[in-house]
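The values are calculated or read from the model by the stated rules, or taken from the named source; none is laboratory data. Bear in mind that the values here come from a model prediction, so they are computed numbers and not experimental data. Positions of Cβ are backbone-derived with ideal geometry, glycine not excepted, and every protein chain shown enters the neighbour counts. Heads up: the accessible areas ignore ligands, DNA and RNA and are worked out on the full protein's heavy atoms, side chains in. Shrake-Rupley method; radii C 1.70, N 1.55, O 1.52, S 1.80 Å.
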Amino acid sequence: MFKSLKRNVMKMFRELLVYHHSSLEYRAKVLTLMVSANGDICECEKEKLKQIAHTIYSEDQERAELLIDAVNEYHTKIITNNGLDFEHLIQLVEKETKAVRRFAQKIDINLLMQLHECMDSEDDILFQQRILEFLQGLKDEYGVV
């Protein structure tokens, strides 16, 4: 009971309570681009997302869970048309990468490729490949040398 209450409070006040929340939010946006490419999150993507989050934050399980929650929140906003659509999310990722160049280092193409394994439709595979190319371009252009 206490754990679920604590998690809900952390989700609501993530910006105030989570150390380096902007980094977590950026990662969530990048992951959301990948999982929202085909419109919904399948079981395979949920499992891969969980693995990726726990790989990124292997030392902090709570932070990994917050990352998963943030991805789910962004995805829900996209599919319910609640103030965010896919194109706007792409623009946000690009804008934040330009503004905070160190964020480009947080784009891990190898981890994102794990989500690519869950695609079965040729159109979805191609669309997700274009997203990966876009993210690689951001990483190449704005990555801190």
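Ignoring ligands, DNA and RNA, what percent of the accessible area of region 69-135 is carbon or sulfur (1.4 Å)? List each step's numbers first, then the result.
Working: 1820 of 3850 Å².
Heavy-atom surface of region 69-135 belonging to carbon and sulfur, 1.4 Å probe: 47 percent.
Quick check: with the 1.4 Å probe, what order do Asp108, Asp123 take by accessible area, largest first?
Asp123, Asp108
How much area per residue is accessible in region 36-145 when the probe is 1.4 Å and only protein heavy atoms are counted (Å²)?
Details: 6240 Å² over 110 residues.
That works out to 57 Å² for each residue.
Which part of region 29-54 falls in the paramagnetic zone of Asp85, meaning amide N under 19 Å from the point 7 Å along Cα-to-beta-carbon?
Inside the label zone: 32-40.
Quick one: Debye curve from the alpha-carbon atoms of region 30-119 only, equal weights, vacuum; give me log10 I(q)/I(0) at q = 0.22, 0.23 Å⁻¹ to two decimals.
-1.23, -1.31
Taking 1 over the mean of 1/r across every pair of different Cα atoms in region 91-145, what Kirkwood radius in Å do you get?
Every distinct Cα pair counted, the radius reaches 11.8 Å.
Any idea of Asp69's accessible area? Nearest 10 Å², probe 1.4 Å.
Ignoring ligands and nucleic acids, Asp69 comes out at about 20 Å².
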